[in-house]
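Since the structure comes first, as structure tokens, the remarks are kept for the end.
The values are calculated or read from the model by the stated rules, or taken from the named source; none is laboratory data. Note that the structure is a prediction, hence the values are computed from the model and not measured. Glycine gets a Cβ as well: all are built from the backbone with ideal geometry, and neighbour counts include every protein chain shown.
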Amino acid sequence: MWLVTFFRAGGFALQNVFRNFSLSLVTVLIMVVTVFSVNIVLVLQLLGVTALQSVQERIDVSLYLKQEVDEQAARGLQSYMRQLAQTESVDLLLRDRVLAQFQDRHAEEPSVMQSLKALGDNPFGSVLIVRATEPQFYQLLIDTINASPYAQLIEKQDFEDHRQVIGKISNVTDRLRHIGIGITLLFLLITMLIVFNTIWIKLYTHQEEIGIMKLVGAGNWFIRMPFFIEGLIYAVLAVAAALGLFFSFADTLQPYVNDFFDGTAINVVAYFSERLPLLFAVEFGGLAVLTLIATTVAMRRYLKV
Amino acid sequence: MINLKNVNKCYGQKIHALKDVSLSIAPREFVSLVGQSGTGKSTLVKLLIAEESPTSGTIVVGGWDITRIRRIEVPMLRRQIGVVFQDIKLLERKKVGENVAFALQVSGAPRSRITSIVPKVLKIVGLEDKIERYPRQLSGGEQQRVALARSLVHLPKVLIADEPTGHLDAPNTREIIELLLRINDFGTTVLLVTHDREVVNNLRKRVITLDNGMVIGDQKVGTYIL
Ligand SMILES: Nc1ncnc2c1ncn2[C@@H]1O[C@H](COP(=O)(O)OP(=O)(O)OP(=O)(O)O)[C@@H](O)[C@H]1O
Ligand SMILES: [Mg+2]
């Protein structure tokens, strides 16, 4: 019996959706805008995190060893570094490799090659490339090495401090996220008002019908349920439309993302596709709660049942 | 079946629509309630289906004291009383059959019951061939019969008809009254609200007369006395 009532109320709800179609359309549209803006915030969040990661991944310290340090000593330093807790990886470029790389890079520049030849033998020392587990450990690592007996093997250390860049990126992404959340909250508020208004108008135009329903013995829930279901129908349609729109937007965005992160890129479409069921459930759930609240308030005020 | 004891109904401060009304209607009775316009007949009907609540007094319908009925119990009450409203109250956007079925749908009746009862009650009122029409495609008398059919879907113990013949001509009026008598023969208590002198005089049934909100006459085999 409960199920019968539910399906019947669903039928009435569908009729309601089509009966004042332009109103229904406006309601769905504002919901689409809201859900879409939520998705944009999520993309901003994702891109921000990706940008930070990609910068962090690029940070390293290069330790240029003295020319006379041989392979064995270099390996000794490498394994010493490796056993430190703060190192993520320690790569060793032996001096022959360094020379080869240099020659590769400057093959097209005769003057450079000339001066290299003039220096005679291999002028390069081996290089150790050290990555820390966290960006803030670099200073500690450098201090540790300098205090160790290995310090005398090192000609020069090259550590670019990326902290400023990282700070800037977090600042920008934080600000974008705040703006996005602000706009989304605004849309949520507007959605709430529009849903409230829609249900109110529908209650008003259904006044007579509702009156008759009551007089022939309809229970409270039978009168209310179609309006709740109507709200849920709007929510499903809106989330589906917004996600459709969002994925085509993400598809358009992807090449720019690729450019920006040159290669190490993240696939936005794939990222959100993987999480589609969760995304749908959460956004539909949120919208459903919102419409249920707006509908309840509207009915409290205008439906004396 | 229906018991009113010292019932008063005031609308706001000024309008005293029913004054100390006491009356009792037995099961299977056919009672006409007569009175001039504005004497409180419809108000009495509204009290009986809990559309309004009495200012004082007690109202019992079918052994159920509905004087202080709880809101969630109201639908239960209305499914036990069939009502034909003074202003008919059909849904313009629904067909005849749907209008009748509606009263069953809202009470959660299963489809099988709806498909069996709707044609039956429409047959009783002689409209089984107009099931697909919209109310505006029917005459006034036919619309009134649809409303009557709808009031019967719950097989009510009590049927209240508030001026069902108010806007009808003599043949249509006779038809409706005959239907009410048939329904009464099935064992349903009928309360007919009317101010049609001829109808009342021909019926030769009990007549309760209201005037200015007060019961001024109650005759076993009554005539229109105003
Ligand atoms: N909702 C209301 N608010 C205020 N006054 C009302 C209301 N309903 C009815 N009245 C008043 O109560 C009195 C009785 O009204 P009621 O409708 O019961 O009369 P009636 O006997 O049914 O008349 P009629 O034969 O014209 O239908 C009238 O004076 C009417 O104006
Ligand atoms: Mg009346």
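Quick notes on this structure:
- When each of B:Thr43, B:Thr67 is tested for being away from ligand 1 (no atom under 16 Å from the Cβ), touching a Gly at 6+ places or on another chain (Cβ under 9 Å) and over 21 Å from B:Val106 (Cβ atoms), the lone residue that passes is B:Thr67.
For every residue, the table says whether it meets (1) closer than 20 Å to B:Gly166 by Cα; (2) more than 14 Å from ligand 2 (Cβ to nearest atom).
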residue	(1), (2)
B:Gly40	yes, no
B:Ala50	no, yes
B:Thr55	no, yes
B:Thr58	no, yes
B:Gly82	yes, yes
B:Gln86	yes, no
B:Leu91	yes, yes
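- The condition of being surrounded by fewer than 16 Cβ atoms within 10 Å (Cβ to Cβ) and more than 11 Å from ligand 1 (Cβ to nearest atom) holds for only one of B:Ser37, B:Ser32, B:Ser22, that being B:Ser22.
- Residue check, B:Pro54 in contact (Cβ under 8 Å) with a residue 24 or more places away in the chain and either within 16 Å of ligand 1 (Cβ to nearest atom) or under 23 Å from A:Phe222 (Cβ atoms) (or both): yes
- Candidate set: the range B:128-154, residues that are within 21 Å of the chain's Cα centre (by Cα), closer than 15 Å to B:Thr115 by Cα and hydrophobic (A, V, I, L, M, F, W, C); chosen: the one surrounded by the fewest Cβ atoms within 10 Å (Cβ to Cβ): B:Leu152
- Hey, B:Glu29 in contact with a helix residue (DSSP H, G or I) (Cβ under 9 Å, 6 or more places away or on another chain), more than 16 Å from ligand 2 (Cβ to nearest atom) and under 16 Å from B:Ala161 (Cβ atoms) or not: yes
- For beta carbons closer than 6 Å, sequence separation of 6+ or different chains, a first residue in the range B:200-226 that is of a type in the set (Ser, Thr, Tyr) and a second that is assigned to a helix (DSSP H, G or I), the qualifying pairs are B:Thr223/B:Asn201; B:Tyr224/B:Arg197; B:Tyr224/B:Val200; B:Tyr224/B:Asn201.
- Any chance B:Glu52 is surrounded by 17 or more Cβ atoms within 10 Å (Cβ to Cβ), more than 8 Å from chain A (Cβ to nearest Cβ) and modelled with pLDDT under 95: yes
- Residues of the range B:82-123 that are aliphatic (A, V, I, L, M), over 20 Å from the mean Cα position of the chain (by Cα) and at the interface with chain A (Cβ under 9 Å from one of its Cβ atoms): B:Ala109 alone.
- Residue count for the range A:1-19, restricted to those that are over 37 Å from the mean Cα position of the chain (by Cα) and either outside any helix (DSSP H, G or I) or crowded, with 16+ Cβ neighbours inside 10 Å (or both): 6
- Residue check for A:Tyr234: under 30 Å from B:Ser107 (Cβ atoms), of a type in the set (Ser, Thr, Tyr) and exposed (fewer than 14 other Cβ atoms within 10 Å of the Cβ): no
- Given (1) touching a Ser or Thr at 6+ places or on another chain (Cβ under 6 Å); (2) within 16 Å of ligand 2 (Cβ to nearest atom), number of the condition B:Thr173 does not satisfy: (2)
- Exactly one residue out of A:Ala281, A:Ala294, A:Ala250, A:Ala265 is modelled with pLDDT of 85 or more, more than 14 Å from every other protein chain (Cβ to nearest Cβ) and under 17 Å from the mean Cα position of the chain (by Cα): that is A:Ala250.
- Options B:Thr189, B:Thr209, B:Thr165; residue that is away from ligand 1 (no atom under 15 Å from the Cβ), more than 14 Å from chain A (Cβ to nearest Cβ) and among the polar types (S, T, N, Q): B:Thr189
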